[in-house]
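Undergrad: What follows is a single structure, and I will ask about it in a moment.
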Amino acid sequence: MTTVADAPDQTPSAGTGSTALDLILRFRALGLLLALAALIVITASVNPRFLGAQSIRDLLFAAAVTVLLAAGMTVVVLTRGIDLSVGSTLGLSAYLTATALSSGTPVPLALLVGIGAGAACGAVNGAIVHFGKVPPLVATLGTLYVFRGIVYFTAGGSRVNASDLPRGFLDFGSGAVLGVPYLFIISALVLAAVAVFLSDYRAGRDLYALGSNPEAARQTGLPAGRRLMTAYVLCGALAGLGGVLYAARFGTVDASAGYGMELNIVAAVVVGGVAIFGGSGTVLGAGLGALLLTVISNALPVLRIDQFWQQAIVGALILAAIALDRLVGLRAARALRRKASHVD
Amino acid sequence: MWTRFRSSGALRSLATWDAAIIAATVLFLLIAAQSVEHFGTARNAGHLVIDLAPVLLLALVMTLIVMTGEIDLSVASTVGLTSAAMGVMWNAGVSLETIMPLAVLLGAVLGAVNGLFITGFGLPSLAVTIGTLALYRGLSYVLLGDTAVADWPRNFTGWTLGTIGESGIPNLLIPMAILAAAFAVLLHATTWGRSIYAAGANPIAAAYSGVAVRRLKFWLYVGSGAMAGLVGVLWTLRYSSARADNAYGLELTVVAVVLLGGVSIFGGKGALPGVLAAVVLLTAVQNALRLAHVSTEALTVVTGSLLIVAVLAPNLISSAGEALRARRRRTA
């Protein structure tokens, strides 16, 4: 199924062979945009203030971290992996960054601390997966708890308050230009960079190859170990950057920062059309998926739906998305078979 | 057949893993009884049995599921949802005698939903059960919000914590032992049990030799859900509280003990005695750490590390063995 579904990724301009598939796959981004538009129109018709400048700014604030982590998760999922430890990584990075800042470390250095902590977490995941040959699910389910435990160890019951952080850092965290928060701009730029990396760079294309057929990819001499490490370190580093943004946005950081966030991120990526078995999907789709989830959670109170529904909706969306992927995959396979029989 | 299986090369390493985990468990119990205050008391042993009941019951079915090469990450959420549903029914005035079978039935239905998505639509169990992990937990919040239902009848809640007469043996021990024995017999001594190994080791070969792999897996998920429903009943009565966040995160512990017990995450390999030992080991470690006043957060580090080590260690051992053999070949 995956090998069929990612055919267009490997032959982007193969003309006749892939146009039908291209359409179906592009349909996912189109479908997401339609769903977003429908949701926004309905919510805005209930309460027009949903489209007000303040409301949109809140939305983009909330989306900034999710989009960033979804971009990192995409890179890992493309290789047939998964990183369930992103929430804990974010928590660790947010706490270390905030602690560093509160003890007078200059902002650029604290930024490096946060990203570095995230990259280190990612390196641990990558090493366990690649060298230890532990399935990514098990490895990162384990480190989810290990990393979170480390945060609790270092933080104990204490927390870093907004008043301990430098003024400029917090101003940046709550600042916006033309109504778009700086934090969201950072996320969007990173997303674009990852998109370019995945589509135009050799290392990025290798990740698709590794995900769609690991055996074949190794046979062609692709440096599988290095690529896997790159994917996990990148995912960890982005979660680390997410921790810095989290600290900048909230100011107050305790040991529970980012708790349980991994579910939303996996949901965003899967809803965004990245195949859970690797090799297929785009970071743009994952970004749209993250945006959709954020809009849903911001629309719930406006639509007077109990906030308790949010997690149930996330779960239902994951199920719907993978079922849809399967359906699209089956249709594509059938279409390919028909085409093949014409050639004969 | 079992003896022949055991002597085959692939399973010999596993038999030693089984033996190792059982030995480690016994060793740990002995050391902890000596060095941790209050650990070795009969009273604490009783608590230990009650504490390990949920993990043990869930691990029995999870072992079979992992053995077929699948996974069920939604078990803890199923426990939470059945517990929340019990709370709603109790508030509506339904009698507990009616609620308990309904809770198990609800669990079975939730498991059947997993089974349908996985075997009916052919979707990966990992993705499906991450979805239902969120969905079922979300639905329990929809049912109960952040409230708790706590006015359960004393005679029921007391039974879950009580002992048989004056003996000090927990009431729960007997049903737990019966269920564990039943699953061991089912897995190791029946055709159905052996077909689980076959389905996990090579699903295509199993299908050609007459194992209805998809039907087998479907019913395993139904069983997993029903067991989670039973644990939901137990959890609610034991803590005398129906809450939406009951058993939150318990799936990690269940998967950890199954893998620590020597069941291969890729399916087809493993045995129940190792898993039972792992359940005792993990619960005893947590119990001892708690008695030694180590914070509950530190416990998550232990569980997480054990989960990784459980899979890492056999891999490292086998690759070290391979390297050794390769060197021997070179020198020969």
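Undergrad: List the residue pairs whose Cβ atoms are under 7 Å apart, where the first residue sits in segment A:280-293 and is over 15 Å from A:VAL77 (Cβ atoms), the second is modelled with pLDDT of 90 or more, and the two are 6 or more positions apart or on different chains.
TA: These pairs meet every condition: A:LEU291/A:ALA63; A:LEU291/A:VAL67; A:LEU293/A:THR66; A:LEU293/A:ALA268.
Undergrad: Which numbered condition in (1) under 22 Å from A:HIS130 (Cβ atoms); (2) under 15 Å from the mean Cα position of the chain (by Cα); (3) outside any helix (DSSP H, G or I) is the only one that A:LEU238 fails?
TA: (3)
Undergrad: For B:PHE218, are the conditions met, namely being surrounded by fewer than 24 Cβ atoms within 10 Å (Cβ to Cβ) and either within 21 Å of B:VAL104 (Cα to Cα) or free of Cβ contacts under 8 Å to residues at least 12 places away in the same chain (or both)?
TA: Answer is yes for this residue.
Undergrad: Can you tell me which of (1) assigned to a helix (DSSP H, G or I); (2) surrounded by fewer than 19 Cβ atoms within 10 Å (Cβ to Cβ); (3) not aromatic (Phe, Trp, Tyr) is the one A:ALA332 doesn't meet?
TA: All conditions pass for A:ALA332, except number (2).
Undergrad: While we're on this one: From (1) within 14 Å of chain B (Cβ to nearest Cβ); (2) over 14 Å from the mean Cα position of the chain (by Cα); (3) farther than 19 Å from A:ARG159 by Cα, pick out the condition that doesn't hold for A:LEU84.
TA: Result: A:LEU84 fails condition (2) only.
Undergrad: Continuing with this model, one more query. Would you check which residues across segment A:148-179 are facing another protein chain (nearest Cβ under 8 Å) and surrounded by 15 or more Cβ atoms within 10 Å (Cβ to Cβ) and list them?
TA: A:ARG148, A:GLY149, A:ILE150, A:TYR152 - these are the residues of segment A:148-179 that are facing another protein chain (nearest Cβ under 8 Å) and surrounded by 15 or more Cβ atoms within 10 Å (Cβ to Cβ).
Undergrad: Among (1) over 20 Å from B:ARG214 (Cα atoms); (2) surrounded by fewer than 24 Cβ atoms within 10 Å (Cβ to Cβ); (3) within 22 Å of the chain's Cα centre (by Cα), where does B:SER83 come up short?
TA: (2)
Undergrad: Related question: Tell me, please, whether a residue that is part of a loop (DSSP other than H, G, I, E, B) and crowded, with 24+ Cβ neighbours inside 10 Å can be found in segment A:249-267. Give the derivation first.
TA: First, the residues of segment A:249-267 that are part of a loop (DSSP other than H, G, I, E, B): A:251-252, A:254-260.
Checking which are crowded, with 24+ Cβ neighbours inside 10 Å leaves us with A:257-258.
Yes, segment A:249-267 has at least one match.
Undergrad: Considering only segment B:263-300, state which residues are in a loop (DSSP other than H, G, I, E, B) and either away from chain A (no Cβ under 14 Å) or of a type outside the set (Phe, Trp, Tyr) (or both). Full working, then the answer.
TA: Initially, segment B:263-300 is screened for residues in a loop (DSSP other than H, G, I, E, B), giving B:263-271, B:292-295.
Across segment B:263-300, the qualifying residues are B:VAL263, B:SER264, B:ILE265, B:GLY267, B:GLY268, B:LYS269, B:GLY270, B:ALA271, B:ALA292, B:HIS293, B:VAL294, B:SER295.
Undergrad: Inside segment A:1-105, counting only helices (runs of 4 or more DSSP H) that do not spill past its ends, which hold 1 or more residues that are in contact with a helix residue (DSSP H, G or I) (Cβ under 6 Å, 6 or more places away or on another chain), at pLDDT 85 or above and hydroxyl-bearing (Ser, Thr, Tyr)?
TA: Ranges flagged: A:19-46, A:53-78, A:86-102.
Undergrad: Do any helices (runs of 4 or more DSSP H) entirely within segment B:105-223 hold 2 or more residues that are within 14 Å of chain A (Cβ to nearest Cβ), and if so, which?
TA: So the answer is B:125-144.
Undergrad: Is it the case that some residue within segment A:280-296 is part of a loop (DSSP other than H, G, I, E, B), of a type in the set (Gly, Ala, Ser) and within 14 Å of chain B (Cβ to nearest Cβ)?
TA: yes
The values are calculated or read from the model by the stated rules, or taken from the named source; none is laboratory data. Quantities reported herein were computed from a predicted structural model and do not represent experimental measurements. Heads up, the Cβs are rebuilt from the backbone with ideal geometry, glycines too, and the neighbour counts pull from every protein chain shown.
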